[in-house]
Amino acid sequence: MFARWLLPLVCALTAEADFFHLDSISNVSTYYFNYFYCNIWEGECQPHQDDATQQVPAGDLWPGFPQDYTSLLNQWYCSLGQCCESGDCRITNNITGLAKDLQTKLHGQHLAQSVVLKAIQGFINNPESNKPLTLSFHGWTGTGKNFVARLIADNLYRDGVKSECVRLFIAPFHFPHARLLDTYKGQLREAIRDLVLRCPETLFIFDEAEKLHPGLIDAIKPYMDHYDNVDGVSYRRAIFIFLSNIGGATINDVALDFWHSGQNREDIGMEDLEHRLRAETLETQGGFAQSELMSDHLIDFFVPFLPLEYRHVKLCARDAYAARGLEADETTLDEVAKAMLYVPKEERLFSAQGCKSIPQRINFFLP
C-alpha cells in the first residue's frame, strides 16, 4: 500500500519541483526547532535570531499544489493510518473530556469554565457556523489562560498543542521587530492558510496578544470575519484564541469589591465583568484596541480569569505534586502557598504570581 501511493507522490512532486526551495525548507526546519525548543511555553522563550524569515514558516508548499496533487496527498496520508472511518484521527473533539478537565484541573475560575465550555461545545456542535470562533482570554499572569488553551488543544486534538492542526504564536518571540511588520503579515497569512488547508479543524493560539502590532492583527482579520471564503479557502472551522493581561486590573477590582462586600467569589457573573472588560480593552494601547477585531465586534467571547486566592494556590500545589507521582500533606501545601506573593499587601488576598511558578517552586520543598 505504501509503495502504491509513494510512487505517484514522487512523480507528482517531481513534476512540480519548482514549488520546492531550499530556503523555504530551511525556514520551516528552523521554525519547528525553535517551536519545540520554546514549547515549554510556561517558561521563558528567547529568540536566537533576528532574521524575520525564520520567525514564522514562509513559502509553505501545500497551497501551491494543484488540487489533484492535494487530493493525492490526502489519500496517501490516510493510507498511512492517519484517517478514521469517523474522520481525521488527528481531531478528537472530546467535549466530555474538556468539561471534566475544566472542572477538576482548573481552580478558582468558574467563569472561564462555563464560558469556554459553552463556546467550544457550541462551535463544535454547529458545523454550519457562519464564522470562525474567536476567544479572548484576559487576566493576570498565572491565572490559567495558557493552561486552558492547552486543555482545549488536548481535548480537541490527539496530539494536543503539538498537533499538526494547532499553531502557537508568541508575540514577542515570533514578531519582535516593528520594522518587519510587512514581512510578518505575509508569513502569518501563509502559515494560517497552510494549516487550514492541511486540517479540516484548526486551532490558533496567540500568546501575549497585547504585544501584537494592530496592523498584524488586521492582516488576519478577514480569516475571523463572516466570509464564506477568503481567496477560495474557508476558515469557518478554525478557532482563534488570544491570551493577554489586558483587563487584569479591572477583573481584580471586581473580585476585590465582592470580597469587601462579603459576597461569594462564585457569585461574580459575566454581567459584572464583560462590559467593563470590553471598555478597558478598547482603551488599552496596543494591537487589540486599535485593531478591526474590536471595531467590527469579531471577538465572540471575552473570557475573564479571576485572581487566585490562597486556597486555589494550595490546590495548584497539590496538582503539581500529583503530576510528579507524589503526595503532599496539608502542612507542605501550606508552606508552598505561603512562599508566594499576595496582594493587596495589607490583606494578602490574591496571589500575585498565580499558579504558573508552582511546579518550579515545589523543588525547594522536595527532600
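The values are calculated or read from the model by the stated rules, or taken from the named source; none is laboratory data. Everything numeric in this text was worked out from a predicted model, so none of it was measured. Note: ideal-geometry Cβ built from the backbone for every residue, glycine included; neighbour counts use all protein chains shown. Surface areas here come from the heavy atoms of the whole protein model, side chains and all, with no ligands, DNA or RNA. Shrake-Rupley method; radii C 1.70, N 1.55, O 1.52, S 1.80 Å.
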### Summary
Selection over region 271-312 where residues are of a type in the set (Gly, Ala, Ser) and more than 17 Å from Thr134 (Cα to Cα) yields a count of 2
### Task
Go through region 278-313 residue by residue and tally those that are touching a helix residue (DSSP H, G or I) at 6+ places or on another chain (Cβ under 7 Å), surrounded by fewer than 23 Cβ atoms within 10 Å (Cβ to Cβ), modelled with pLDDT of 80 or more and assigned to a helix (DSSP H, G or I).
7
## Note on the structure
Flagged in region 225-253 as touching a Lys or Arg at 6+ places or on another chain (Cβ under 7 Å) and either under 23 Å from Asn126 (Cβ atoms) or surrounded by fewer than 16 Cβ atoms within 10 Å (Cβ to Cβ) (or both), in numbering order, are Asp225, His226, Val233, Arg236
### Query
Does Ser295 satisfy being within 30 Å of Leu181 (Cα to Cα) and among the polar types (S, T, N, Q)?
yes
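Listed here are the residues, each with its yes/no results for (1) closer than 30 Å to Gly142 by Cα; (2) part of a helix (DSSP H, G or I); (3) over 18 Å from the mean Cα position of the chain (by Cα); (4) of a type outside the set (Phe, Trp, Tyr).
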{"site": "Leu197", "(1), (2), (3), (4)": "no, yes, yes, yes"}
{"site": "Phe204", "(1), (2), (3), (4)": "yes, no, no, no"}
{"site": "Glu210", "(1), (2), (3), (4)": "yes, yes, no, yes"}
{"site": "Leu216", "(1), (2), (3), (4)": "yes, yes, no, yes"}
{"site": "His226", "(1), (2), (3), (4)": "no, no, yes, yes"}
### Task
Within region 344-354, track down each residue that is modelled with pLDDT under 90 and outside any loop (DSSP other than H, G, I, E, B).
none
### Query
Restricting to region 314-343, what's the tally of residues that are of a type outside the set (D, E, K, R), outside any loop (DSSP other than H, G, I, E, B), out of contact with any strand residue (DSSP E or B) (no Cβ under 7 Å at 6 or more places or on another chain) and surrounded by 12 or more Cβ atoms within 10 Å (Cβ to Cβ)?
9
#### Entry: Restricting region 158-189 to residues that are within 15 Å of Pro214 (Cβ to Cβ) and open to solvent by less than 10 Å² (accessible area, probe 1.4 Å), the residue that is modelled with the lowest pLDDT
Ala171
